[in-house]
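Scroll down for the structure; my scribbles are underneath it.
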Amino acid sequence: MNLKNLEAFYWVLTLNSFNKAASKLQTTQPAISQKITAIENELGFKILDRNSRQLKATSKGNILFKYAEKFMRLEGDLVAELTESQYLTGTIRLGVSETIVHTWLVEYIEKVRQEFPKVSVEIIVSLTPNLQEGVRTGKLDMAFLLGPTLPFECIERSLCDFELSFLASPLFKGGIGQMSLKDLMSNTILTYPRITYPYKELRAKMKEKNIDEPLSITSYSLVTLLRIAEQGLGIAVVPTLTAIKEILDGRLEILNTPIQLQKFHFTAIYTQGNNVALKEKLTDLAVITSEKAMKKLNEKLDIIN
């Protein structure tokens with residue numbers, strides 16, 4: 001059986017679209033249709049239910065899909081086994097959360113260039129829901145994002161944790177002495193938008209203490225939040241290590257407060273399919289790089305404390 005036809009079948013079902021599969025495989029929609037027809041003619045039965053309003057496999061098509069996935073992984077593993085890292089080629093579309101950008105992404109890209117010199121990386125920075133959807137639909141090959149991910153067929157590996165802190169400028173009018181949650185919430189809060197985890201976590205704490213929501217300035221841009229905090233215009237609630245430079249330079253300080261917010265947990269995700277062996281190797285490298293980088297950043301923070 002032609003593996004390229006199986007690959008087309010795999011992506012048609014994974015992306016739920018002939019057109020998206022064609023774009024993924026850099027071909028045309030008619031060519032994809034011909035590959036599906038070729039499989040059906042060879043096997044003697046239908047693998048796609050064309051009477052359904054939605055694109056889905058027949059019962060035998062579902063069985064074939066599982067084997068198509070296995071064949072693609074075996075093909076990728078074979079290439080990886082026979083090819084040393086420095087000779088692996090391809091373009092990887094990598095989705096990244098901004099938290100990673102501001103901590104260890106540069107070190108990671110440097111390692112990729114050293115160990116996989118023939119691999120190109122396209123970096124897309126976005127929010128976790130967008131990154132999840134990008135990996136699910138095949139627009140992204142892999143992503144480093146806030147986990148755990150929503151349930152869909154993917155490989156997920158643990159990367160690192162980030163603590164959240166309340167940060168303020170030395171110019172901040174409220175001072176930097178120990179502050180209760182009520183005192184904190186009497187100030188303008190600078191954090192990510194209301195639909196994101198930091199705000200939801202903070203709101204849960206306020207509800208627990210029966211405290212009204214504060215005035216807030218929210219932004220998806222971490223740089224924007226930190227710059228506003230530096231001007232003494234509010235208290236930033238962000239991952240501590242993303243502001244390590246500002247803290248080391250004395251432009252921001254960690255407020256002394258008994259309030260503890262849950263940590264951010266980040267994971268790497270990718271789907272089976274083409275380049276799976278390369279994605280696995282790049283994920284292994286991300287695990288190692290993040291561990292070393294986070295250790296160094298935390299050591300810097302310990303010196304300050």
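Here, each number is a calculation from the coordinates, and none is a lab measurement. Here the structure is a predicted model, which is why all the values come from computation and not from measurement. All Cβ positions, even for glycine, are placed from backbone atoms using ideal geometry, and neighbour counts span all protein chains on display.
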For LYS20, give me every one of the aspartates and glutamates with a C-alpha distance below 20 angstrom, ignoring sequence neighbours fewer than eight places off in its own chain. GLU7, ASP49, GLU69, GLU122, GLU133, ASP141, GLU153
Taking every Cα atom in the chain, find the radius of gyration and the maximum pairwise distance Dmax, and write them in Å. 23.7, 77
In the neighborhood of GLU122, defined by Cβ-to-Cβ distances under 10 Å, what is the net charge if each Lys or Arg adds +1 and each Asp or Glu adds -1? 0
Which residues does a label at ILE63 reach in the range 5-23, if reach means a backbone N under 16 Å from a point 7 Å past the Cα toward the Cβ? none
Put a dot 7 Å past each Cα toward the Cβ at THR27 and VAL287; how far apart are the dots in nm? 3.4 nm
In whole Hz, the Karplus estimates of ³J(HN,Hα) for the range 117-124 (6.51, -1.76, 1.60; θ = phi - 60°; x where Gly or Pro) are x, 9, 9, 9, 10, 9, 9, 10
Rounded to whole Å, give me the distance from the Cα center of the range 280-305 to that of the range 3-69. 42 Å
Among DSSP beta bridges lying fully in the chain, give the percent that are antiparallel, nearest 5. 55 percent
Bin width 5 Å, alpha-carbon pairs only: give the P(r) of the range 3-82 as whole percents, running from 0 to the bin holding the largest distance. 3, 16, 26, 27, 18, 7, 3, 1, 0
Once both labels are modelled 7 Å past Cα along the beta-carbon direction, what's the GLU201-GLU299 spacing in nm? 2.6 nm
May I ask you to compute the full-extension gain from GLN54 to LYS4, defined as 0.36 nm times their residue separation minus their alpha-carbon distance, rounded to one decimal in nm? 15.6 nm
Let me spell out the model: positive unit charges on the Cβ of Lys and Arg, negative unit charges on the Cβ of Asp and Glu, origin at the Cα centre of the chain. What dipole size does that give, in debye rounded to 20? 840 debye
If you put +1 on each Lys and Arg Cβ and -1 on each Asp and Glu Cβ, how big is the dipole of the range 210-304 around its Cα centre, in Debye rounded to 20? 380 debye
Near the amide H of PHE166, under 5 Å away, which other amide H atoms are found, from residues 5 or more places off or on another chain, if H is placed in the peptide plane? LEU255
What aspartates and glutamates does LYS263 reach when the alpha-carbon gap must be under 14 Å and sequence neighbours fewer than 8 apart in one chain are set aside? ASP161, GLU163, GLU201
Relative packing of 108-115, 161-168, which averages over residues the other C-beta atoms within 10 Å, highest first: 161-168, 108-115
Which pairs break 23 Å Cα to Cα here: LYS66/LYS118; LYS245/LYS295; LYS46/LYS70; LYS66/LYS111; LYS35/LYS118? LYS66/LYS118; LYS66/LYS111; LYS35/LYS118
If amide hydrogens are placed 1.01 Å from N in the peptide plane, which non-local residues have theirs closer than 5 Å to the one on LEU190? ILE217, ILE235, ALA236, VAL237
How many percent of DSSP beta bridges within the range 164-262 run antiparallel, rounded to 5? 55 percent
Residue by residue, what Karplus-based ³J(HN,Hα) values in Hz, rounded to whole numbers, does the range 60-72 have, using 6.51, -1.76 and 1.60 with θ = phi - 60° and x for Gly and Pro? 6, x, 5, 5, 4, 4, 4, 6, 4, 4, 5, 4, 5
HN-Hα J in Hz across the range 215-230 - Karplus 6.51, -1.76, 1.60, θ = phi - 60°, x for Gly and Pro: 5, 9, 10, 10, 7, 7, 8, 5, 4, 4, 4, 5, 5, 5, 5, 4
Would you please put 130-139, 149-158 in order of how densely packed they are, using the mean number of other Cβ atoms within 10 angstrom per residue and starting with the highest? 130-139, 149-158
R0 of 35 Å, Cβ-Cβ distance GLN260-VAL106: FRET efficiency to nearest 0.05: 0.75
